[in-house]
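Worksheet: one structure, shown below.
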Amino acid sequence: MLNGGSSSGKSGIVRCLQAVLPDPWPAFGCDSFVDALPARMRGSDEGIVFGADGGVNVGAEFMALQSAWMEGVAAMARAGARVIIDDVFLGGAASQQRWQKVLDGLAVLWVGVRCESAVAAGREVARGDRVQGMAALQAEVVHEGVVYDLEVDTTHTESLVCARTIAAHVG
């Protein structure tokens, strides 16, 4: 389970993890989940709203679908698939607790992906697919109260090095 703010480097680490881990590890990320939502849920108070300042607000319909998605990912793991989950814990510790409940009984390596706010903001601009300000707003709040087994920092460390560090801790 990788948790970090927008543009912290999670997706790059996921791709590198898939390359360095010996077995196949499908990846499931919050970006893919959001992309899979019906268009009517984007910009809807019941769905997900990306504010002009980079803030993200989610409604009840989003939360219900996200819970179902989480259960589906956990079901794959229970069926024997090794999975990588890439998420943004907008609710900090409460977000982790939701995942802990769903993943109860499974072996999970909790990984915090950190990146200095200014560096993440620069990546955000370069990407061009994010509302500017999201990286700065999320850089610290996603880690508040979250307990990790391992943390990596992509500020000055390449994704492949981070992935190898994580892979060394995977049982």
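Observations on the model:
- Boolean, S67 is touching a residue at least 24 places away in the same chain (Cβ under 8 Å), farther than 17 Å from S95 by Cα and of a type in the set (S, T, Y): no
- Members of the range 152-167 that are farther than 14 Å from W110 by Cβ, within 16 Å of the chain's Cα centre (by Cα) and either β-branched (V, I, T) or crowded, with 19+ Cβ neighbours inside 10 Å (or both): T154, S159, C162, A163
- Boolean, G91 is of a type outside the set (V, I, T), within 30 Å of A167 (Cβ to Cβ) and under 14 Å from the mean Cα position of the chain (by Cα): yes
- Residues of the range 76-101 satisfying the condition of being hydrophobic (A, V, I, L, M, F, W, C) and more than 25 Å from A168 (Cα to Cα): L90, A93, A94
- Checking E124, E116 one by one, the residue that is acidic (D, E) and under 16 Å from the mean Cα position of the chain (by Cα) is E124 and no other.
- Within the range 77-105, if we keep just the residues that are among the hydrophobic types (A, V, I, L, M, F, W, C) and open to solvent by 70 Å² or more (accessible area, probe 1.4 Å), the residue that is modelled with the highest pLDDT turns out to be A79.
- On the stretch given as the range 1-38, residues that are hydrophobic (A, V, I, L, M, F, W, C), open to solvent by 50 Å² or more (accessible area, probe 1.4 Å) and over 24 Å from E71 (Cβ atoms) total 2.
- Hits in the range 20-38 (condition: over 27 Å from Q132 (Cβ atoms), in contact (Cβ under 8 Å) with a residue 40 or more places away in the chain and out of contact with any Leu (no Cβ under 8 Å at 6 or more places or on another chain)): L21, D23, P24, P26
- Boolean, A52 is farther than 25 Å from G12 by Cα, more than 14 Å from the chain's Cα centre (by Cα) and at pLDDT 95 or above: no
- Members of the range 10-53 found to be aromatic (F, W, Y) and not in a loop (DSSP other than H, G, I, E, B), listed by number: F28, F33, F50
- Hits in the range 133-151 - residues which are out of contact with any helix residue (DSSP H, G or I) (no Cβ under 6 Å at 6 or more places or on another chain) and crowded, with 20+ Cβ neighbours inside 10 Å: M134, L137, Q138, V142, H143
- Some residue of the range 39-55 being without any contact (Cβ under 8 Å) to a residue 12 or more places away in the chain, at positive phi and open to solvent by less than 70 Å² (accessible area, probe 1.4 Å): yes
- Matching residues, the range 72-95, being out of contact with any Gly (no Cβ under 8 Å at 6 or more places or on another chain), closer than 15 Å to A36 by Cβ and in contact (Cβ under 8 Å) with a residue 12 or more places away in the chain: V73
The values are calculated or read from the model by the stated rules, or taken from the named source; none is laboratory data. In this text, all values refer to a predicted model and were calculated from it rather than measured experimentally. Note: ideal-geometry Cβ built from the backbone for every residue, glycine included; neighbour counts use all protein chains shown. Each accessible area value is taken on the protein alone, full model and side chains, heavy atoms only, with ligands, DNA and RNA left out. Shrake-Rupley method; radii C 1.70, N 1.55, O 1.52, S 1.80 Å.
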